[in-house]
Structure formats: C-alpha cells, structure tokens
Amino acid sequence: IQKIEGLISYRDPHFWRHSASIVAGTIHIQVTSDVLEQRIVQQVTGILKDAGVNNLTIQVEKEAYFQHMSGLSTGFHDVLAMTKQMESMKYCKDGTYI
C-alpha cells in the first residue's frame with residue numbers, strides 16, 4: 001500500500017475474521033491533495049482483497065486535513081512525522097504504551 005502514488009501514509013489498520021468466509025477491515029489513508037481519491041481507494045481495495053480482506057472500509061484523509069489539524073505553527077511534515085512515530089509505539093494490554 002505504501003508504494004501507491006499519491007498515498008502519503010496509512011494508519012489504524014484493523015482486520016478481523018467476521019465469519020468463516022468473511023475477513024473485514026478498516027484503514028485510514030492519507031493522500032495528497034491533488035489525487036483522485038477514488039483511484040487510490042480502488043488500488044488499496046484491490047491490494048487488500050488480494051490479501052483476503054473481502055469487507056473493507058477506507059477512511060480517506062486529504063493532505064489539507066493534516067495542515068488544518070496542525071494549526072498555523074506546525075508544518076504538515078511535522079504532523080506526518082508525529083503520525084509515523086505513533087505507529088511505531090508498542091501498546092500494552094492496559095492501553096499504556098512503551
């Protein structure tokens with residue numbers, strides 16, 4: 001997924017077996033503001049379908065979303081770095097992280 005052109009990153013991937021024949025999943029993807037969202041969604045869906053996920057929900061977040069959320073003082077790249085850092089944290093069963 002990370003190699004798709006126009007995709008900046010992804011976060012919160014969750015996959016589970018819903019039944020014997022259905023694997024469900026959700027994922028958030030961050031895309032640049034100049035891409036066609038539907039094209040990226042189709043590519044992500046195709047990759048995950050090939051991996052066995054046949055019921056998928058994708059939340060698309062445009063690059064401008066990060067700029068908006070970061071406020072005026074923090075740049076987009078700082079927010080992206082923070083997102084990637086959060087992905088690398090290890091969470092314990094009680095919800096704390098290492």
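How far apart, in nanometres, would the label points at LEU56 and LEU36 be if each is projected 7 angstrom from Cα along the Cα-to-Cβ direction?
Distance between label points: 1.8 nm.
Output wanted: per-residue J couplings in Hz (rounded whole) for segment 13-29, from phi through Karplus 6.51 cos²θ - 1.76 cosθ + 1.60, θ = phi - 60°, x for Gly and Pro.
x, 10, 9, 8, 8, 7, 7, 4, 10, 10, 10, 9, x, 9, 7, 9, 10
Bear in mind that the values in this text are calculations on the coordinates, not laboratory data. None of the values given here were measured: they were computed from a predicted structure. Every residue, glycine among them, receives a Cβ derived from its backbone with ideal geometry; neighbour counts consider all protein chains shown.
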